[in-house]
Amino acid sequence: MTTKSVILEAHEIQLAIDLINLGARLQFLEAQTRLSRDRLIKLYKELKGGSPPKGLLPFSADWFMTWLSNIHSSMFYNIYRFMVTEGKCEPIVAVIKSYRLYLEQTEQQGAESVLDFTRAWMLTRFFDADLLQLSTCTRCHGHFVAHAHDPQSGFVCVLCRPPSRAGKTRKTTTGDSGETQSCINVSLEPI
Amino acid sequence: MKKNEIVNEVADLNLSYLLLAQRLVREDCATAMFRLGLSREVADLLGSLSLSQVVKLAASNVLLCRFRFDDHAIFSSLVHDDRNQALQQAHASILLLGRRSKRFANVAYINSLPMLRIAPAIDHNDD
């Protein structure tokens, strides 16, 4: 194996701690750090007080297309893009910083953070793999997450033209007590 | 008398803006650039100013920070929006970031990273 640097290892452990605290899955930690699986599991148990969840990572790019997920993932990816292009951050640092800002923003809006950390990372990977792209809305000129190679002409975003059922679930129609946040806390069926 | 008050208030606001901006930049430059809407060069410069420079800069009768929704179309669509607040803010933040990248982005750098490219809006005006 390569020569071990204690300082480098300390950095890696700090990175792993940050990632675990943000809710990263084990597969992600293995991909991003050079720490061994056993050490990562140990670290995870120490921080979270339980074993890391097992099973596959979410792998569907379609998830990012449903109404609310699209709003949240567009919000996140716009921040991430800014961090890489303007902030000149390393991709992994950019993911961490932009995910923190995304959490802060949803909290400020009183909304639930629909996008979890693993999905946020998957989102950036889908962009790297050219499965997704940012499309520009013809009405508001905002940039939104869309399938790569989708036709661009006349693209209108989910906020300018929300689907008819958007935000209208049982929760919002019966439990309407003047709460402004309740609308964004709903989940929608894929359209 | 009244005029003096206004000038004082503007100078006070300038000073607190500059001090806040400086603190944010020194803490975490990239995050500060996102919050303040500044380019890297400006953020670096702001972070390197000495206190006396900040005080001198702040003592002005014009505001040093700028209103970020300076596009009338975007601003009015957000204000005249009857949706709930959370959605409105989500939309606002997406639009602000989109505008920024247009104004400051280093085009050559972005085009060297294919995943960061943005597909332009093609409007056929069919509606």
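Condition check: within 14 Å of another protein chain (Cβ to nearest Cβ), open to solvent by less than 30 Å² (accessible area, probe 1.4 Å) and in a helix (DSSP H, G or I). Does A:PHE28 satisfy that? Criteria not met by A:PHE28.
For the condition open to solvent by less than 40 Å² (accessible area, probe 1.4 Å), hydrophobic (A, V, I, L, M, F, W, C) and not in a helix (DSSP H, G or I), B:LEU38 qualifies.
Test each condition in (1) modelled with pLDDT under 55; (2) over 23 Å from A:ILE79 (Cβ atoms); (3) surrounded by fewer than 14 Cβ atoms within 10 Å (Cβ to Cβ) for A:ARG161 and report the one that comes out false. All conditions are met except number (1). Scanning segment A:70-93 turns up one or more residues that are more than 16 Å from the chain's Cα centre (by Cα), in a helix (DSSP H, G or I) and at pLDDT 85 or above. Criterion applied to A:LEU56, A:LEU103 was being aliphatic (A, V, I, L, M), more than 8 Å from every other protein chain (Cβ to nearest Cβ), farther than 21 Å from A:GLU30 by Cα and open to solvent by 30 Å² or more (accessible area, probe 1.4 Å), and the one residue passing it is A:LEU103.
Evaluate the following for A:VAL84: is it farther than 21 Å from B:HIS91 by Cβ, crowded, with 19+ Cβ neighbours inside 10 Å, in contact with a helix residue (DSSP H, G or I) (Cβ under 7 Å, 6 or more places away or on another chain) and at the interface with chain B (Cβ under 8 Å from one of its Cβ atoms)? Spelling it out, A:VAL84 is indeed farther than 21 Å from B:HIS91 by Cβ, crowded, with 19+ Cβ neighbours inside 10 Å, in contact with a helix residue (DSSP H, G or I) (Cβ under 7 Å, 6 or more places away or on another chain) and at the interface with chain B (Cβ under 8 Å from one of its Cβ atoms). Taking the listed residues A:ARG125, A:ARG139, the one that is within 11 Å of another protein chain (Cβ to nearest Cβ), open to solvent by 50 Å² or more (accessible area, probe 1.4 Å) and not in a loop (DSSP other than H, G, I, E, B) is A:ARG125, with no other qualifying. Condition (residue is at pLDDT below 80, touching a His at 6+ places or on another chain (Cβ under 9 Å) and open to solvent by 80 Å² or more (accessible area, probe 1.4 Å)) applied to segment B:95-118: is it met by at least one residue? Checking segment B:95-118: at least one residue is at pLDDT below 80, touching a His at 6+ places or on another chain (Cβ under 9 Å) and open to solvent by 80 Å² or more (accessible area, probe 1.4 Å).
The values are calculated or read from the model by the stated rules, or taken from the named source; none is laboratory data. Keep in mind the model is a prediction, meaning the values are calculated, not measured. Positions of Cβ are backbone-derived with ideal geometry, glycine not excepted, and every protein chain shown enters the neighbour counts. In case anyone asks, the SASA skips ligands and DNA or RNA and just uses the protein heavy atoms, side chains included. Shrake-Rupley method; radii C 1.70, N 1.55, O 1.52, S 1.80 Å.
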